[in-house]
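A short worksheet on the structure shown next.
What follows is calculated from the coordinates using simple rules that are stated; it is not laboratory data. Given the structure is predicted, the values throughout are model-derived calculations rather than measurements. Heads up, the Cβs are rebuilt from the backbone with ideal geometry, glycines too, and the neighbour counts pull from every protein chain shown.
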Amino acid sequence: MDSWTTQLNFIIQASKQNLPFTFKFVAIFWCIHLINVLMRNRLSIAGIFPRHPFGLTGIICAPFLHANWGHLFFNTVPLFILANLVLIYGRVEFYQVTAIIIVLGGLATWVLGRKAIHLGASGLIMGYWGFLLLQSYYHPSILAVFVGVICLYYLGGLFLSLFPSGKGVSWESHVFGFLAGMVAVQLVTLPAFQNI
């Protein structure tokens, strides 16, 4: 029981310490969207356009671009929560997981996605969610299980994003982001405290 209490306290303290970084990280998305709005959405062309050479730039750019303020707003809350939870494992690990999700998820969307411009942070969000859930399954430390339960309890509705819904929703980036998060579990070596 003491071990569970220790881990819960660790998660709370780590989350608090990471709040300034998480705010700055999410602020990047808002600043880029503001610039895009001021440019009359000209940056949106830098989204992922499947199987077109020009669309390759979208692999890196697409997660930071959003169709409108509503799109950005609804991505902000889960992005903030999940990024903060991934940061519990460490700043370097956060960068590694983020890079893997953006590159692999974006590349898969470019290869297999519908002919449309895919943009938004939802693929990254699903990648973080997949990473945290699969981390608790493949490496069931107390820390990983705690985080996995938090993800399921508060953000379980994200599961529905893995299925086709509306015309303007890139469910492909959701699926490939999630799968990229699963890959990140295998590729990123986490700190020793994960085994506590």
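Structure above, values below:
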| read-out | value |
| --- | --- |
| If the convex hull is drawn through the Cα atoms of region 72-191, its volume per residue in Å³ | 94 |
| Point-charge dipole on Cβ atoms (K/R +1, D/E -1) for the chain, about Cα centre, debye to 20 | 640 |
| Phi-based couplings in Hz for region 138-147 (Karplus 6.51, -1.76, 1.60; Gly and Pro marked x) | 6, 10, x, 6, 4, 4, 4, 5, 4, 5 |
| Prolate/oblate/rounded call for region 38-100, Cα gyration tensor, a/c under 1.5 rounded | oblate |
| Chain lengthening between PHE73 and THR57 when straightened (0.36 nm per residue, less Cα-Cα) | 3.4 nm |
| By average C-beta atoms within 10 angstrom, highest first, the peptides 128-141, 35-48 | 128-141, 35-48 |
